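Have a look at the structure below before the remarks.
Derivation of every value follows stated rules applied to the coordinates shown; laboratory data play no part. Everything numeric in this text was worked out from a predicted model, so none of it was measured. Here the Cβ positions follow ideal geometry from the backbone for every residue, glycine too, while neighbour counts run over all protein chains shown.
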Amino acid sequence: MTRAGRNRSVNRCRTGGFSLIEVLVALVILALGLLGFALLQAMNLRYTQSANYRTQATTLAADLLDQMRSNRHAAAWYAGTHGASFDIGEVSAKACGRPLGAVTIEQNVARWQCQVFAALGDQARATVTYNNRNVEVTLSWSERIQLGPSSTSFTVRTTL
């Protein structure tokens, strides 16, 4: 083999692989992509939890409004501080139980408050107003995984 032929084969071997710099750049790009994907997953978890709280609040508000519709003559009893409204710390897990037998409005309200406490957490509060058959139910809670403001509110207005 001639000398020129040997040089060509040596040059082909040197250019056939990856250099260490190329491998490191590829690893950095891969690491940034994986970091972005992890951040995307974390944000997805936060938004899913927030949507779950909003779904629970919607269901709980509809439940209370259905109770008020089923007993329209006593619907005003559900409003105000003597009714279903409560503030942070007024409902605890120890006070929650299931009544047996005939159930009064006060027991229905207590059960509903316990459901709000269980679904939305210990920072939850509810405000129920009744004015001439117009009802407004506002549920507020603090999300455990913060997205921004510390308190989120959900309000439903209807006419009985």
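Quick notes on this one:
- Long hydrophobic helices in the chain: the complete DSSP H runs spanning 24 Å or more by Cα along their own axis with mean Kyte-Doolittle hydropathy of at least 0.0 are 20-70.
- Listed residue (TRP77, ALA26, THR129) projecting farthest to the positive dipole end of the chain, Cβ model: ALA26
- Taking other C-beta atoms within 10 Å as the exposure proxy, HIS73, HIS82 rank HIS73, HIS82 from fewest upward.
- Relative contact order (%) - the stretch 19-159, alpha-carbon pairs under 8 angstrom, separation at least six: 22
- Sites matching trypsin sites (Lys or Arg not before Pro) across the stretch 64-160 that sit in DSSP coil, with at most 13 neighbouring C-beta atoms within 10 Å: ARG133, ARG144
- Charge dipole of the chain (Cα centre as origin; +1 on each Lys and Arg Cβ, -1 on each Asp and Glu Cβ, all else neutral): 1220 debye, rounded to the nearest 20.
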